[in-house]
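A.B. asks: Quick one: the structure is below, questions incoming.
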Amino acid sequence: MSSCSLVGRSLGRLSSSLQELNLDDCKLLRPESLGRLAAACPQLRLLSISRCSRLEGCCAPIIMTMLELQVLRWRDCPSLATLTATPPQTALLNLSLCRSISDLTPLSSLVHLRELDASYMDQVDSAALVDMACALPALERLSLIGCSVDSNDVARFSGRPLRFLDLSHCPLVDNDGVLALARQHDPQRHLEIVVGGTAVDAESLSKDLEIAASHLQFQTYTNCIKSDAMLISLVSNAVLSYLRFDQRFIIDDYDWWDEDDFESDEDYWVDDDDDMIEQHLDLYDEELEACQ
C-alpha cells in the first residue's frame, strides 16, 4: 500500500489477522486513521509509516496500543518532533532522518530492541544518544550515520554486545574511538564497524591495531581491516546503510525512480542518478568480496 491514498475509515476495514503493513509515502494518513488501524489489526507485527508527513508525535500513544508490534519504520518525518514511547516488544526501530526529534530517552525502556537506526538525527545530543543506546540490553545493530558522535562517545560502547555499528559520515570519529572498542572487544563476538567518511586513518589504524588489539590478529584488505572477531569497513556505506539493516536489496531514496526510464530487457538503470546507484552497488559487492 506504499504511496497510496488510503485514508480514513478504509484502514478500519483491514483484516484482523494482518501482520505486516507498509504505508510509506501515504501523505494523507492522519493520526485518527492510525487509530482505526490499531483497533482493526491487533496482530500487526510490522508497520512502516516513513515519509507520512501528517503523522506527528501525538501518534505515539496510538502506536503504543499495538501490543504485538515488533518492527516500526518511521523514518524521514520532519513533523515528528517528540517520541514519547514505542510498543514494549519493539525489536527493530528505524527513525533515521527524523531531524526534528531532540530526545530519545523514552527508548531506554525497550529491553527487546535489537536494531536501531538513528542516522542523521541532528538535534539529538550525542552524549544522550550514547546513554540511551548503552541502556538497551539487547541492542546488537546500531546505525549513527551523520550524527555528531565523537571518539569519546564511541569508546563508551566498549564491552557492549554490539555486532554492527555504522559510523559513516561522523567526522569527529577518529582512530582513538575504534581502538578503544578493539581493546575491550570480546574475541568470541563478531563486530562490524563502518567508518567511511570519518577521521579514521586506515594506514595508521592498521599499525595501531597490531599493538592495541593484537589478541584479535587483524589483517588488512583493500577496503577493510579484518579479524575473526571484528570487521572494520573503511569505505562509506551511507548509500546502502538501510540495506544491511533490513537485510534486503532496497534503496530507501525513491525520488530517482521513474518506471518509464527502466528498460526491462536490460540489466541496468538508464539515467545518470541510476548509474551512480548502480556503481555504488558494484562497489559494495567488491568490498564485501574483499573482506570475506
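A.B. asks: With every protein chain kept in the model, how would you rank M64, M132 by accessible area, 1.4 Å probe, largest at the top?
C.D. replies: In descending accessible area the options line up as M64, M132.
A.B. asks: Report, in whole Å, the centroid distance computed from the Cα atoms of the stretch 125-187 and the stretch 20-63.
C.D. replies: 31
A.B. asks: Here is a further query. Would the stretch 16-138 count as rounded, prolate or oblate if I go by the C-alpha gyration tensor, calling it rounded below 1.5 in a/c and otherwise prolate when a/b exceeds b/c, oblate otherwise?
C.D. replies: On the way: a/c = 2.03, a/b = 1.31, b/c = 1.54.
Judged from the Cα gyration tensor, the stretch 16-138 comes out oblate (a/c at least 1.5, b/c at or above a/b).
A.B. asks: Might you tell me the accessible area per residue for the stretch 4-114, computed with a 1.4 Å probe and given in Å²?
C.D. replies: Values: 4710 Å² over 111 residues.
Computed with neighbouring chains in place, this is 42 Å² per residue.
A.B. asks: With every protein chain in place, what's the accessible area of K27 (1.4 Å probe, Å², nearest 10)?
C.D. replies: 100
A.B. asks: Further, regarding this structure: In what sequence, highest mean first, do 42-49, 163-170 appear when ranked by Cβ atoms within 10 angstrom?
C.D. replies: Working: 42-49: 18.8, 163-170: 22.8.
Listed from highest to lowest mean packing, they are 163-170, 42-49.
A.B. asks: Here is a further query. Under a 1.4 angstrom probe, counting protein chains only, how are Y221, Y120 ranked by accessible area, largest first? Spell out each step's value before the answer.
C.D. replies: Working: Y221 80, Y120 60 Å².
The residues order as Y221, Y120, largest area first.
A.B. asks: Arrange the residues S227, S109, S158 by how much accessible surface each exposes, largest first, with a 1.4 angstrom probe. Don't jump to the answer; show the numbers that get you there.
C.D. replies: Working: S227 5, S109 80, S158 35 Å².
Reading off the accessible areas and sorting them downward yields S109, S158, S227.
A.B. asks: Using a probe of 1.4 angstrom, how much of the accessible area of the stretch 73-191 is carbon and sulfur, in percent? Don't skip to the end; give the middle numbers.
C.D. replies: On the way: 2100 of 4430 Å².
Roughly 48 percent, rounded to a whole number.
A.B. asks: To the nearest 0.05, how large is the calculated FRET efficiency for I211 and D122 if R₀ is 35 Å and r is the Cβ-Cβ distance? Intermediate results must be reported in sequence, preceding the final value.
C.D. replies: Values: r = 36 Å, r/R0 = 1.02.
After rounding, the FRET efficiency stands at 0.45.
A.B. asks: Can you bin the stretch 115-186 into rounded, prolate or oblate? Criterion: square roots of the alpha carbon gyration tensor eigenvalues sorted a ≥ b ≥ c, rounded for a/c under 1.5, prolate for a/b above b/c, oblate for the rest.
C.D. replies: Working: a/c = 1.62, a/b = 1.14, b/c = 1.42.
Because a/c hits 1.5 or more and a/b fails to exceed b/c, the stretch 115-186 counts as oblate.
The values are calculated or read from the model by the stated rules, or taken from the named source; none is laboratory data. As the structure is a computational prediction, the values presented were derived from the model and not from experiment. Reconstructed Cβ throughout: ideal geometry from the backbone, glycine too, with neighbour counts over all protein chains shown. Heavy atoms of the whole protein, side chains included, go into the accessibility calculation; ligands, DNA and RNA do not. Shrake-Rupley method; radii C 1.70, N 1.55, O 1.52, S 1.80 Å.
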